[in-house]
Amino acid sequence: MATGAKKPKTVFRCSDCDTDHNKWSGQCSGCGAWNTLEQQVSVAPSRNTPAGIGNSKVTTLDKVSTKRIARLSTGLVEFDRVLGGGLVPGSTLVLGGFPGAGKSTLLLQSACKIAETNPVLYVSGEESLEQIADRAHRLQLQTDKLQVLAETDISAITAIMERDRPAVVIVDSIQVMHHPDIDSLAGNTTQVRECANLLSRFAKRLNSAVIMVGHITKSENLAGPMTLNHLVDATMMLSSTDDARYRIVRSDKNRFGSVAEIGVFAMTGAGMKEVRNPSAIFLSKSNKELPGSIITVLWEGSRPLLVELQALVDQSALGNPRRVTVGIDNTRVAMLLAVLNRHGGIAVHDQDVYVNVVGGIRVSEPSADLAILLSVLSSLRDRAIPPDIFAFGEIGLSGEVRPCANGQERIREAAKHGFKTAIVPAANAPKGSIPGLKLIPVHSLQEALDWALESLRPTSSSHRE
Ligand code: TYD
Ligand code: MG
């Protein structure tokens, strides 16, 4: 063979984690998965000749036009909010969720809305066109502008995209799509990834926004697990609240917006209805006083959210007592328990501690610290915290209570929902008084604990005036 011409190198790539191997083997050395290695042909870059520069042009950043990207509204303010202001032309989005979460319903509603002003192609590989039409009529959607197509061959879909140039394409779902040139079943990682890849190439080239529906499998990942996440611009999840009344859209990744925003909908007989002020949807309707339970105010993106925290503290039979958390970081709770011991003089080293955030909410900010320790104390001492009390505040390692961002807004929101007593960082206390609200500003954990031990009576029917 002539020297210089580089022989294409064969590699075996894991379809789960993309680790390359020189030889085939049954198990991937990168992630430990079995039977995931697939043969790929790649051309290694030559060491002697520099890669062709072609038409590539280097410029300074100030010369790049900063014309604002015009976004397309989905017709649903709550959906737009999570997207970061609407769909970005040329971008790709995966909307994930368990079967029955309402992905098709949400997207059909959006599609009909967008179609009033821009061309939209809705491709269904799961439902027949009759089923979709039937649903649209039931939801009283305007259907005369929406282009629909029942198809699972991705090359046929991209050909239609090329011909019709729709502004938005919805593919429901990516797991039933297949590429005729790929010798593997629809839903397999290779198929899902190649179909998504092809769609994103067409999205960029034609400047269309592509939304792919992805079902979550039992392992709570999209089929073709993280493969889609790094291929697309945004990954959103649609989930249901515990009582199944509400649906929440949140983003795991978003190149064009904040991942802290959530969008809330109510699933009704007439489809998904937006919930514009969802701050209190996670509060339980019962006014029972239960030891270990307390309300805190989180900040989700740009809005306050009232949530209930529960702690259960129980004598441990183990040498190494349990710290089990749901919806909040385990390490954070372990750290808070150390502060409780060191600066509050309350030891739980012989107790199992369970902490739960009610409603499937994930707490990712430290503002829940104070409420967590009050709920732990409440359970430990069997003293119920009246349901009209709320608390928030970050706790530092020296036992100080630090202020939280948007403290005033959090307090006002809780007062609006009828809360009567606020245990909050002193630095967050409003200057003036808020009618009907008693403020307990605290500088340290010790002050908050002193207040709780003095005010809360050791029965579950205790009442505070
Ligand atoms: P769907 O959008 O088909 O879910 P997905 O595409 O995520 O699998 O939603 C199905 C569920 O929503 C189903 O259980 C029925 C319910 N639903 C309503 O409650 N009201 C409605 O108006 C519609 C269309 C569906
Ligand atoms: Mg569906």
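The values are calculated or read from the model by the stated rules, or taken from the named source; none is laboratory data. What you see is a predicted model, and the numbers here were worked out from it, not measured in a lab. Counting neighbours? That spans all protein chains shown, and the Cβs are built from the backbone with ideal geometry, glycine included. Heavy atoms of the whole protein, side chains included, go into the accessibility calculation; ligands, DNA and RNA do not. Shrake-Rupley method; radii C 1.70, N 1.55, O 1.52, S 1.80 Å.
Tell me yes or no: at least one residue of region 143-165 is within 16 Å of ligand 1 (Cβ to nearest atom) and under 27 Å from the mean Cα position of the chain (by Cα). Looking for residues that are within 16 Å of ligand 1 (Cβ to nearest atom) and under 27 Å from the mean Cα position of the chain (by Cα), one finds none in region 143-165, hence no. Among the residues making up region 259-286, those that are within 18 Å of the chain's Cα centre (by Cα), open to solvent by less than 60 Å² (accessible area, probe 1.4 Å) and more than 16 Å from ligand 2 (Cβ to nearest atom) are Ala260, Glu261, Ile262, Gly263, Val264, Ala266, Glu274, Val275, Pro278, Ser279, Ile281, Phe282. Scanning region 99-124 for residues that are over 17 Å from Gly75 (Cβ atoms) and either touching a residue at least 60 places away in the same chain (Cβ under 8 Å) or outside the structural domain of Cys195 (by TED's automatic domain parsing) (or both) yields a count of 2. Just so you know, in region 91-110 the residues that are small (Gly, Ala, Ser) and in contact with a helix residue (DSSP H, G or I) (Cβ under 9 Å, 6 or more places away or on another chain) include one that is nearest to ligand 2 (Cβ to nearest atom), and it is Ser104.
Return yes or no: is Arg412 at pLDDT 95 or above and among the charged types (D, E, K, R)? Show your work before the answer.
Values: at pLDDT 95 or above: no; among the charged types (D, E, K, R): yes.
It is false that Arg412 is at pLDDT 95 or above and among the charged types (D, E, K, R).
If the condition is being within 16 Å of ligand 2 (Cβ to nearest atom) and not aliphatic (A, V, I, L, M), then region 161-179 contributes Asp172, Ser173, Gln175.
Would you point out the residue of region 243-258, among those that are closer than 28 Å to Phe390 by Cβ and away from ligand 1 (no atom under 16 Å from the Cβ), that is surrounded by the most Cβ atoms within 10 Å (Cβ to Cβ)?
Taking region 243-258 as the starting set, the residues that turn out to be closer than 28 Å to Phe390 by Cβ are 243-251, 258.
Still in the running and away from ligand 1 (no atom under 16 Å from the Cβ): 251, 258.
Working: Ser251: 23, Ser258: 12.
It comes out as Ser251.
If the condition is being in contact with a Ser or Thr (Cβ under 9 Å, 6 or more places away or on another chain), within 16 Å of ligand 2 (Cβ to nearest atom) and not in a loop (DSSP other than H, G, I, E, B), then region 135-147 contributes Arg135, Ala136.
Which of the residues spanning region 293-320 are under 27 Å from the mean Cα position of the chain (by Cα) and either open to solvent by 40 Å² or more (accessible area, probe 1.4 Å) or on the phi > 0 side of the Ramachandran plot (or both)?
Residues satisfying the conditions are Trp299, Gly301, Ser302, Gln310, Leu312.
In this structure, does Asp134 turn out to be of a type in the set (D, E, K, R), in the same structural domain as Asp252 (by TED's automatic domain parsing) and within 17 Å of Val213 (Cα to Cα)? No. Would you confirm whether or not region 420-431 contains a residue that is assigned by TED's automatic domain parsing to the domain that holds Gly292, surrounded by 14 or more Cβ atoms within 10 Å (Cβ to Cβ) and over 26 Å from Val339 (Cα atoms)? Checking region 420-431: at least one residue is assigned by TED's automatic domain parsing to the domain that holds Gly292, surrounded by 14 or more Cβ atoms within 10 Å (Cβ to Cβ) and over 26 Å from Val339 (Cα atoms).
A Cβ distance below 8 Å, combined with a sequence gap of six or more or placement on separate chains, defines the contacts here; from region 317-342, residues that are farther than 18 Å from Val358 by Cα reach residues that are in a helix (DSSP H, G or I) and among the charged types (D, E, K, R) in the pairs Leu336/Asp369. Is it true that some residue in region 40-54 is at pLDDT 75 or above, surrounded by 10 or more Cβ atoms within 10 Å (Cβ to Cβ) and more than 20 Å from Lys204 (Cβ to Cβ)? No, region 40-54 contains no residue that is at pLDDT 75 or above, surrounded by 10 or more Cβ atoms within 10 Å (Cβ to Cβ) and more than 20 Å from Lys204 (Cβ to Cβ).
Are any residues in region 242-251 among the charged types (D, E, K, R) and in contact (Cβ under 8 Å) with a residue 60 or more places away in the chain, and if so, which ones? Before the answer, list the steps.
Taking region 242-251 as the starting set, the residues that turn out to be among the charged types (D, E, K, R) are 242-243, 245, 247, 250.
Within region 242-251, Asp242, Arg247, Arg250 qualify.
If you take the residues of region 187-207 that are touching a residue at least 40 places away in the same chain (Cβ under 8 Å) and aliphatic (A, V, I, L, M), which of them is farthest from ligand 1 (Cβ to nearest atom)? Taking the candidates together, the pick is Leu206. Restricting attention to region 174-196, the residues being surrounded by 15 or more Cβ atoms within 10 Å (Cβ to Cβ), assigned to a loop (DSSP other than H, G, I, E, B) and either among the acidic types (Asp, Glu) or modelled with pLDDT under 90 (or both) number 5. In the condition set (1) at pLDDT below 55; (2) under 22 Å from Asn229 (Cβ atoms), Thr19 is compliant with all but (1). Within region 339-367, the residues that satisfy the criterion of being over 15 Å from Val313 (Cβ atoms) and open to solvent by 10 Å² or more (accessible area, probe 1.4 Å) are Arg342, His343, Gly345, Val358, Gly359, Gly360, Arg362, Val363, Ser364, Glu365, Pro366. Only one entry of His349, His343 meets the criterion of being farther than 12 Å from Asp369 by Cα and not in a loop (DSSP other than H, G, I, E, B), and that entry is His343. Taking the options Ile114, Ile132, name whichever one is surrounded by 15 or more Cβ atoms within 10 Å (Cβ to Cβ) and more than 14 Å from ligand 2 (Cβ to nearest atom). Going through Ile114, Ile132 in turn, the sole match is Ile114. Against the list (1) of a type in the set (Gly, Ala, Ser); (2) open to solvent by 10 Å² or more (accessible area, probe 1.4 Å); (3) within 16 Å of ligand 2 (Cβ to nearest atom), the condition Gly85 fails is (3).
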